[in-house]
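Following: one structure in structure tokens, then a few remarks.
The values are calculated or read from the model by the stated rules, or taken from the named source; none is laboratory data. Small disclaimer: the values here were computed from a predicted structure and weren't measured. Cβ placement follows ideal geometry from the backbone for every residue including glycine, while neighbour counts extend to all protein chains displayed.
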Amino acid sequence: MELRINSFEEYQNKYRQSVEQPEAFWDEVAQNFSWQQPYDKVLDWNFDEPNIKWFVNGKLNITENALDRHLEKRGNKLALIWEPNDPKERFVRLTYRELYEKVNEFANALKAQGVKKGDRVIIYMPMIPELTIAVLACARIGAVHSVVFAGFSANAIADRIQDAQATMVITADGLNRGPKQVPLKRVVDEALEHCDTIEKVIVYNCLNWAPEMKAGRDIWWHDAIQGMEKVCPAEPMDSEDMLFILYTSGSTGKPKGVVHTCGGYMVYTAYSFQNVFQYRESDVYWCTADVGWITGHSYIVYGPLLSGATTLMFEGVPTYPDAGRFWQVCDKHGVNIFYTAPTAIRALMAAGDDHVLSYSLNSLRVLGSVGEPINEEAWKWYHLHVGKSKCPIVDTWWQTETGGIMLSGLGDLSPMRPAHAGLPLPGIQPVLLDQEGKTIEENEVEGYLCVKFPWPSMLRTTYGDHERCRVAYFSHYKGHYFTGDGAKRDENGLYRIIGRVDDVINVSGHRFGTAEIEQAINANAMVVESAVVGYPHDIKGQAIYAYVICQELPSDPDMMRAQIIETVTEQIGKIAKPEKIQFVSGLPKTRSGKIMRRILRKVAEGESDKLGDTSTLLDPTVVDEIVNGAL
Ligand code: WTA
């Protein structure tokens, strides 16, 4: 399969074609995949409802494209390299044939446990090969997977199970993460106390912990695959059948289930993977994300496997057993393409250069960054010490909702500017809009980042609530998909993402809605009200600052803080823990009762002298108290 663009000039030509004749362009790309039945139309769309259909009436199974069709030529090629948390443990390598067999075997096990096409399956797993196998096995039989990152709490899982009306959970007894081990099955058991749709739980034995198994409901993975055939017919899926749901935070309410469908997602993840990373057949490719996030879905599992690539999966963390772990793994497996997040780079940078300087890293050819804006200092360190000044860095901007990379350089083909994501991929039509929603045509400008034309891997709906999808993404600016990000465009048309312009906080590349965290804090019985904002943090990019009103000002603030953190951990997970908690007696509100976050943000950023106009506040005196008590 040859989807790769080979020069900047070719990129420009393709880009032009993709804008002038989008259907012809995507038709040509889509011809590189196997379809069980050809589509009869490339695209049907409007952004008003919205209603988006790609490769209309086509039939396919994404796993046939990711596995079966590679067997002939690449059956003995490595599909997956798994590197364990502990470097002393053995790593695992699976060829395309072996992965094919394991996926088929587990797909048959799912069927035997009663899972049918269209059923929703929650996957709450460690970063082990079985996670990828579980995801692909669902896709094989047409079940809709919804992976929940293994750092979320029982409450968060329960919310997702209920929203998705899932019938099965796939989990493990526990997981290794750096020096720690985390129980997973116990968390699932707790979640299931509040859910009545789950019929079966499959448990992978990862740590030999012997968790309690509920008779009739729980079954071991190794028992479930007993006697299963290693061939399972691939379920014929319509292009627009659901492939997966992935929950993500927005500015309002609970996380929403972003829905991706089969055909368009397949075409775009493979296309973007091969072009952005300038992938070559013999490459070893490593993306350090977790499969629990969209980056893991699109660029650990689907994009690389659809391309017949060797994808590396890492169980551990960047700093265990020491801050040289990433680089050791790169040298050990001869990694050619390395894709990570700015927060990891900053953490490793802070640990000192010695860790990186002791490895050769000479297999590396392309470096990638994702999840949040990368600051120039981190960019330069990454370029110099990891890339030895010879590897391009692709700064890939995209979102759970976009399914694939939207703005990015293409390996070493494109102009590269630190902290700039760069140009749109072919088929992607970004625009910047001003306050009034008017398109800004010039360069050297700043505005709200929107997309004015559909692309194959865009979200189709939010599960169970299409109106929510319309309101969140398609109602701000008529005829546009609104990203929630602000961006600049430089004199050469390169985009630089500034950050979110809505109430979403990006902590170490993980998205949280302020409302979601406030709700969690408010679940503490002592709390009356709270307001949460993000503020700049050296390693995490942004951290969470919470202003909390308690029934009475706590006599032991540290103890109260610990209790609030515990509540948040229970409600969402440790990853959503506020960095700072300030107790206040009131919040700055407008006369209509709206919290003026702008003021809270300034205080959290340490810029209390730049609060601006506070005269419209209901009670301007609360501001003095907040400023004086700032942490
Ligand atoms: C931010 C992650 C700057 C952005 C793939 C976006 C970025 C949100 C970049 C989506 C980047 C992601 N430069 N900001 N290269 N990549 N973002 O859904 O604010 O977890 O809206 O998807 O992360 O986060 P999500």
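Answer yes or no as to whether Ile498 is assigned to a strand (DSSP E or B), within 12 Å of the ligand (Cβ to nearest atom) and surrounded by fewer than 17 Cβ atoms within 10 Å (Cβ to Cβ).
Yes, satisfied.
For the range 182-265, which fully contained strands (runs of 3 or more DSSP E) count at least 3 residues that are in contact with a strand residue (DSSP E or B) (Cβ under 8 Å, 6 or more places away or on another chain) and either within 16 Å of the ligand (Cβ to nearest atom) or over 16 Å from Val148 (Cα atoms) (or both)?
The qualifying strands (runs of 3 or more DSSP E) are 218-220, 242-248, 256-261.
Taking the range 100-130 only, how many residues are closer than 16 Å to Val144 by Cα and either among the β-branched types (Val, Ile, Thr) or not assigned by TED's automatic domain parsing to the domain that holds Leu207 (or both)?
Selection size over the range 100-130: 5.
When you scan the range 278-381 for strands (runs of 3 or more DSSP E) that lie fully inside it, which ones turn up with 1 or more residues that are within 16 Å of the ligand (Cβ to nearest atom) and under 19 Å from Arg4 (Cβ atoms)?
Hits in the range 278-381: 284-287, 337-340, 366-370.
Results for (1) among the aliphatic types (A, V, I, L, M); (2) within 22 Å of Arg500 (Cβ to Cβ); (3) not assigned by TED's automatic domain parsing to the domain that holds Ala156, shown as yes or no for each residue.
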position: Val532; (1), (2), (3): yes, yes, yes
position: Lys540; (1), (2), (3): no, yes, yes
position: Ala543; (1), (2), (3): yes, yes, yes
position: Pro557; (1), (2), (3): no, no, yes
position: Ile565; (1), (2), (3): yes, no, yes
position: Gly573; (1), (2), (3): no, yes, yes
position: Phe583; (1), (2), (3): no, no, yes
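Any chance you could count how many residues in the range 153-197 are crowded, with 18+ Cβ neighbours inside 10 Å and in contact with a Leu (Cβ under 7 Å, 6 or more places away or on another chain)?
So the count comes out to 6.
Under 7 Å between Cβ atoms, which residue pairs at least 6 apart in sequence (or on different chains) link something in the range 550-562 that is touching a residue at least 12 places away in the same chain (Cβ under 8 Å) and within 23 Å of Ala576 (Cα to Cα) with a partner that is among the hydrophobic types (A, V, I, L, M, F, W, C) and part of a helix (DSSP H, G or I)?
Cys550/Met560; Pro554/Met560
Consider the range 362-375. How many of its residues are closer than 25 Å to Trp293 by Cβ and more than 19 Å from the chain's Cα centre (by Cα)?
The number of residues fulfilling the criteria is 4.
Taking into account only those residues within the range 382-425 that are more than 10 Å from the ligand (Cβ to nearest atom) and not in a loop (DSSP other than H, G, I, E, B), which is surrounded by the fewest Cβ atoms within 10 Å (Cβ to Cβ)? Working first, answer last.
If we filter the range 382-425 for residues that are more than 10 Å from the ligand (Cβ to nearest atom), which is where we start, we get 382-393, 409-418, 423-425.
Then drop every residue that is not not in a loop (DSSP other than H, G, I, E, B), which leaves 382-386, 393, 424.
Values: Tyr382: 26, His383: 18, Leu384: 12, His385: 19, Val386: 22, Ile393: 21, Pro424: 21.
It comes out as Leu384.
State which residue is surrounded by the fewest Cβ atoms within 10 Å (Cβ to Cβ) when the search covers only the range 426-444 and only residues that are more than 16 Å from the ligand (Cβ to nearest atom) and within 30 Å of Ser389 (Cα to Cα).
Top of the filtered list is Glu444.
Which is touching a helix residue (DSSP H, G or I) at 6+ places or on another chain (Cβ under 8 Å), at positive phi and free of Cβ contacts under 8 Å to residues at least 60 places away in the same chain, of Leu367, Leu348, Leu357, Leu361?
Just a single option satisfies the conditions, and that option is Leu361.
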